[in-house]
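As structure tokens, the structure follows; a few thoughts come after it.
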Amino acid sequence: MSSLPDPTEAVASSVHLPTADDAADIAPGLVALRRELHENVELGLDLPITQKLVREAIEGLDVEVSTGEGLSSIVVVLRGGARRKDSTGVVPAVLLRGDMDGLPVTEATGFDFAATSGRMHACGHDLHTAGLVGALKLLHRDRESLPGDVVFMFQPGEEGYDGAGKMIGEGVLDAAGPRVKAAFGIHVSADADLGVAFSRPGPYMAAFSKMTITVTGKGTHASRPATGKDPIQVGAMLVGQLQEYVTRRFDIFDPIVITVGQFNGGTAPNVVPDSASLVVSVRTFSETVTARAEVELPQLVRDLVAAHGLNADVDYESVLPPTINDDAEAEFFLSTFADLFGPERAVRRANPHPGSEDFSRVLAQVPGAYGHFGVALPNLPVAEREANHSPRARHSDDGLADHALFLAHLAGRRLAQLAED
């Protein structure tokens with residue numbers, strides 16, 4: 001795939017982009033917003049307080065704002081003052097995304113702004129939201145020089161609700177008129193060094209699928225198992241056989257990770273039950289392996305169970321596709337960060353991240369890139385850092401200015417390049 005122009009070229013063009021001093025000016029307001037969001041965390045697709053706080057934070061800006069019909073999303077379109085058509089005959093647009101929902105986790109960070117509701121921004125989406133507000137404010141200052149438009153995607157429901165897919169269904173990719181030409185997002189990491197960014201070309205995060213298995217046999221007395229058909233024994237066999245199958249049938253360099261997260265069966269120690277159930281997490285990193293797993297794993301389960309004379313009902317759900325960065329856009333992502341903050345702070349991952357992310361829905365439809373940004377507390381020893389989703393995940397807001405500045409430059413520089421095409 002062809003590479004994009006050097007991102008520093010956009011800085012030398014007629015596009016005026018924000019400076020570190022500009023970002024420092026708005027940082028106190030972003031920190032205050034982040035902490036208010038953190039205290040008022042909401043879950044899922046319905047985030048009325050969060051939506052209100054974001055709308056208040058961008059009030060008075062010369063932008064187009066719309067809210068979702070089936071979810072508490074916000075889509076903001078910033079129109080450039082120097083809009084011009086690219087080689088395809090349209091005014092280009094670039095999308096920036098920040099997700100806004102939290103998790104059902106009881107917070108134990110010790111922050112004086114900690115949530116007390118049994119919900120927590122344990123994945124740092126409060127920072128994503130504040131950082132995206134910051135990027136909007138920075139680009140708004142220089143909007144008269146922008147040769148295209150920027151779409152800001154404030155998304156609910158990333159934590160298992162497919163908010164990205166729902167926003168795409170409501171038209172976020174076409175909010176500026178023509179479909180966006182590129183899309184970017186960044187995710188904070190509570191256990192990574194403050195101010196360091198990570199990304200890579202190609203597969204970046206895993207697809208997530210869920211396989212629910214019900215093994216049905218014949219119950220009997222536990223002292224006479226031969227008179228029944230034991231679903232627990234066969235289910236236990238599946239736990240091992242699934243692991244063995246993937247190590248022998250799938251390439252270790254295009255891997256599949258299987259975890260049996262739930263195994264339920266039985267009511268008493270002296271009873272062989274009629275049935276047992278397993279719920280399996282399946283992580284894959286390419287579309288080819290994702291498709292293979294969907295066909296092969298249910299068939300494997302049915303065949304193995306049938307070999308023992310029992311029946312298996314298998315429900316295989318493809319929850320999210322893999323997050324696959326466009327090669328050129330990922331290089332642009334890393335180069336832009338390196339140009340702004342120094343090459344030592346822009347890290348190319350050797351391997352994909354094993355988590356899953358619904359920004360994959362966006363990258364399946366438009367070129368773009370996704371990465372991570374370290375926000376560990378500056379003086380916290382590495383051994384005391386806890387990862388996202390922990391009740392003790394402590395995300396620093398010291399990186400918010402850089403977060404906002406980076407997003408603003410991704411959009412501004414990419415628009416400058418698109419306008420030159």
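We did not get these values from a lab; they are worked out from the coordinates using the rules stated. These figures come from a predicted structure and were not determined experimentally. Cβ coordinates were reconstructed from backbone atoms using ideal geometry, including for glycine residues, and neighbour counts include every protein chain displayed.
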For the table K52/K166; K52/K137; K85/K166; K166/K210; K52/K181, the rows whose alpha-carbon distance is greater than 27 Å are K85/K166; K52/K181
Helix 400-420: inclination vs the chain longest Cα principal axis, degrees, rounded to 10, gives 70
HN-Hα couplings for the stretch 119-127 via Karplus (6.51, -1.76, 1.60; θ = phi - 60°), in whole Hz with x for Gly/Pro, come out as 10, 8, 7, 6, 9, x, 5, 4, 5
Among H389, F253, V77, the residue whose Cα sits farthest towards the positive end of the charge dipole of the chain (+1 at Cβ of Lys and Arg, -1 at Cβ of Asp and Glu, taken about the Cα centre) is F253
About its Cα centre, the stretch 337-421 carries a charge dipole, from +1 on Lys and Arg Cβ atoms and -1 on Asp and Glu Cβ atoms, whose size in debye to the nearest 20 is 200
Mean Cβ-within-10 Å packing, highest first, puts peptides 269-277, 406-414, 28-36, 321-329 in the order 406-414, 321-329, 28-36, 269-277
Checked against the positive end of the charge dipole of the chain (+1 on Cβ of Lys and Arg, -1 on Cβ of Asp and Glu, about the Cα centre), the farthest of G171, F113, S209 is S209
The ³J(HN,Hα) series, computed from each phi in the stretch 177-187 with the Karplus coefficients 6.51, -1.76 and 1.60 at θ = phi - 60°, rounded to the nearest Hz and given as x for glycine or proline, is x, x, 4, 4, 8, 7, 9, 9, x, 9, 10
Toy charge model, Lys and Arg Cβ at +1, Asp and Glu Cβ at -1: the stretch 149-190 dipole around Cα centroid in debye, rounded to 20, equals 160
Nearest 10, in degrees from 0 to 90: the angle of helix 231-249 to the longest Cα principal axis of the chain is 50
Relative to the chain, whose Cα atoms define the longest principal axis, helix 327-341 and its Cα axis are tilted in degrees, nearest 10, by 60
Per-residue ellipticity at 222 nm attributable to helices in the chain (runs of n ≥ 4 DSSP H, -39500 (n - 2.57) apiece, nearest 500 deg cm²/dmol) works out to -10500 deg cm²/dmol
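For the chain, with only Lys/Arg (+1) and Asp/Glu (-1) charged at the beta-carbon, what is the dipole magnitude about the Cα centre, in debye rounded to 20?
Details: 35 positive and 57 negative charges, 180 e Å.
It works out to roughly 860 debye.
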